[in-house]
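J.: Got a structure for you, written out below as C-alpha cells; questions coming shortly.
Taken together, the values in this text are just the output of simple stated rules run on the coordinates, not laboratory data. Computed from a predicted model, the values in this text were never measured in an experiment. Note: ideal-geometry Cβ built from the backbone for every residue, glycine included; neighbour counts use all protein chains shown.
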Amino acid sequence: MASLLYTYRSCVKALPQLPDSMKHSQADLYLETYQVLDLEMSRLREIQRWQASAASKLAADMQRFSRPERLVNGPTVTHFWSMLKLLDVLLQLDHLKNAKASIPNDFSWYKRTFTQVSTQWQDTDTMREELDDLQIFLSTRWAILLNLHAEMFRTNTVEDILQVLIVFCVESLELDFALLFPERHTLLRVLPVLVVLATSSEKESESLYKRVKINRLLNIFKNDPVIPAFPDLHLSPAAMLKELSSYFQNFSSQIRLLTLPAPHEIPPRELQDYQRHYLILNHMGTIRAEHDDFSIRFASAMNQMITLKSSDGADNDWSRDIKGNMYDTVVEGFQLLSRWTGRIWEQCAWKFSRPCKEPPISDSQQDSATFFDYEKVVRWNYTAEERRALLELIGYIKSIGLMMQHCDTLVSEALWETIHMEVQDFVQDKLDTMLRTTFRKKKDLSRILSDMRTLSADWMANTSKADPEQHSLHQETEEMRQSTFYPRPVAPTAAQV
C-alpha cells in the first residue's frame, strides 16, 4: 500500500487537451478521461478500505491488552512489534497522502468528469456517496490517524497498552535493542504518534509522564530530528507533534514537546553537531576500520570452517566452537550492513530536510540559472568529499554483502545447528530450572513456560535417557540435569520462535 502511494504520479498532466476546432468531441474525451482516472481512484479506494480495516484490527489488538490483569499472557515482544509495525504503515500512508499534491488534483478532475458522464447513467447515488467519502478521506490531513484514534477509544480506553508501548519504544531506543536500522527507524517514527494518542486526557498524560519522564522523550526527539521514511521523504518528530496538536486538543498543553525545533529551525551552533552525526564523511575512519577488521575475521572464520569440513572425526567441542564463532561473525556482518545502510538513509533524510539555498553556478550554466527543488537537495547539496564518502560506503556494503553471499551454502548448516543448539539449550535446560522454581508458586507462569517447552523442545536430539516429562519434576543434581544434544541443522518454526 505504501509503495502504491509513494509511486503515484499525476495522470492529469498526461491527458490531452482538445483544441477549439474539436469541441464536438468533448463528451468522448470526458468519458475516456473518466476511464483512465477511475483506475487510479479505484486504487485509492482500496487504500481507504484497507486502512479502515487495519485501524480496526490494531484497535482490537490494543483493547485485548488494555487492562493490567490481561498482561499476564501478553503482550509479548512479538505482539509489540506487530502493533508498532502496523501503526508505522498507517503513519507512512498518512504522511504520503499528505505529501502527494497530485492526488487531490487528479481527484478534482475525476469528480468533474464523473459529473459530466454520469448524467446518462441511472442509480448513481451509491457512487456519489463513495465519491464523497473518498473526497473527505483525501482532503483531510491525518485522516488515517484520526480514524485510528476513533477506533481505539470507541469502546474502552487503551491508555494502559499505549503507555506500555511507549515504555517499550523508549527503552529499546535508549538501550539500543533494535538490531537492524529499519526497526530503529520504526520506533522513532511511531513514538511521537504514541505520545500524542496516549495524552487523550489530562489525567492520562500525568500518568504517562510518571512512567516515562518527559526529559527522556525530549532527548530521543532531539537526538534524531530527522527520520527516514522513504528515499526522498522524511519525518520530523517536532513537526509532527506541532501539527498533530491542532487535531488532538489535549496534547496542545504539552509546551515542552511543542517547542522542539524543526530541522529548518535548528540553531547554527547546534547545526554542526547534527552534521557530525548525519554526514557519512565524518564517520568514514570508523567505517573503514570496521570493514577491514570484519573482512579479516570473516576470512579467518571461513578458513576454520573449511578445515572443519575437511577433517574427519573432529572433536565435538571444537566443532561447536568453530560453528558458534561463524554464527557470531555472520550476525555481526548483517548488523554492519544494516548500520551502514541506515547511515545512508539518515544522511539522505538530513539532506532533504536542509536543501542548499544558492546552488553554485558554473560558466556553462549562466544561461539557465533556474534550479528545481529536487536539484537543491540532491545535485547541489553534496560536496565532492561527501559524494566520494557515499560511494566508498556503498562499495563497502556491496563487498561485504557479496562476500557473505558467496559462502551461503558452506555455512548454512553450521548456522542452523548453532541456532538449534541455543534454542534447545534454553527450552530443555534453562526452562527446566525455571519450572522447578515456579511450579508451585506461580501456576500461570508455570503453564506458559510448560507450553513454550512443549512447542519448542526437540526431544529426538536429546541424548539424555530420562523421560522428558518426569525430568522436570524430579530433584536431580546439576550434573544429571544438564542435557546434551545431537547437532541437527533444523530451523525453528514461526510458532516456536
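J.: Please work out the Cα center distance from the range 162-224 to the range 273-350, rounded to the nearest Å.
T.: Each part reduced to its Cα centre gives a spacing of 30 Å.
J.: Can you work out the FRET efficiency for the pair residue 310 and residue 422, with r the C-beta to C-beta distance and R0 = 30 Å, to the nearest 0.05?
T.: 0.70
J.: Also: Taking all pairs of different Cα atoms in the range 157-265, averaging 1/r and flipping that mean, what Kirkwood radius in angstroms comes out?
T.: 14.1 Å
J.: Sticking with this one: Provide the convex hull volume over Cα atoms per residue for the range 1-155, in Å³.
T.: For the range 1-155, the hull spanned by Cα atoms encloses 115 Å³ per residue.
J.: Just to verify a number: FRET efficiency for residue 210 and residue 255, C-beta to C-beta distance, R0 = 22 Å, to 0.05?
T.: The formula returns an efficiency of 0.75 here.
J.: So for the pair residue 303, residue 30, with labels modelled 7 Å out along Cα→Cβ, what separation do we get in nm?
T.: Placing both labels 7 Å along Cα→Cβ, they lie 7.9 nm apart.
J.: If you rank 95, 79 by fewest surrounding Cβ atoms within 10 Å, what's the result?
T.: Ranked by crowding around the Cβ, least crowded first: 79, 95.
J.: Which percent of the Cα-Cα distances in the range 92-155 go past 20 Å?
T.: Every Cα pair in the range 92-155 considered, those over 20 Å come to 41 percent.
J.: Give the angle, between 0 and 90 degrees and rounded to the nearest 10, that separates the Cα long axis of helix 284-310 from the longest principal axis of the Cα atoms of the chain.
T.: 40 degrees
J.: With axes computed from alpha carbons, what is the tilt in degrees of helix 443-456 against the longest principal axis of the chain, rounded to the nearest 10 within 0 to 90?
T.: In the chain, helix 443-456 runs at an angle near 90 degrees to the longest axis.
J.: Which FRET efficiency value, to the nearest 0.05, is calculated for residue 403 and residue 318 with the Förster distance at 22 angstrom and r the Cβ-Cβ distance?
T.: 0.35
J.: Same structure, new question: Can you give me the orientation-averaged projected area of the convex hull built on the Cα atoms of the chain, in nm²?
T.: Seen from a random direction, the Cα hull of the chain projects 34.4 nm² on average.
J.: What ranking, highest mean first, results for peptides 267-275, 103-111 when packing means the other Cβ atoms within 10 Å averaged over each residue?
T.: 103-111, 267-275
J.: Same structure again: Would you mind calculating the relative contact order of the chain from Cα pairs under 8 angstrom and at least 6 residues apart, reporting the percent as a whole number?
T.: Relative CO of the chain lands at 12 percent.
J.: Further question on the same structure: Mind checking which lysines have their Cα closer than 22 Å to the Cα of residue 323? Skip sequence neighbours fewer than 8 apart in that chain.
T.: In chain and number order, the partners are 309, 430.
J.: List the lysines whose Cα lies under 24 Å from the Cα of residue 213, skipping any in the same chain that are fewer than 8 positions away.
T.: Here the lysines satisfying the reach criterion relative to residue 213 are 203, 222, 242.
J.: With angles folded into 0 to 90 degrees, how steeply does helix 143-152 sit against the dominant principal axis of the chain? Use alpha carbons for both and round to 10.
T.: It is inclined by approximately 50 degrees.
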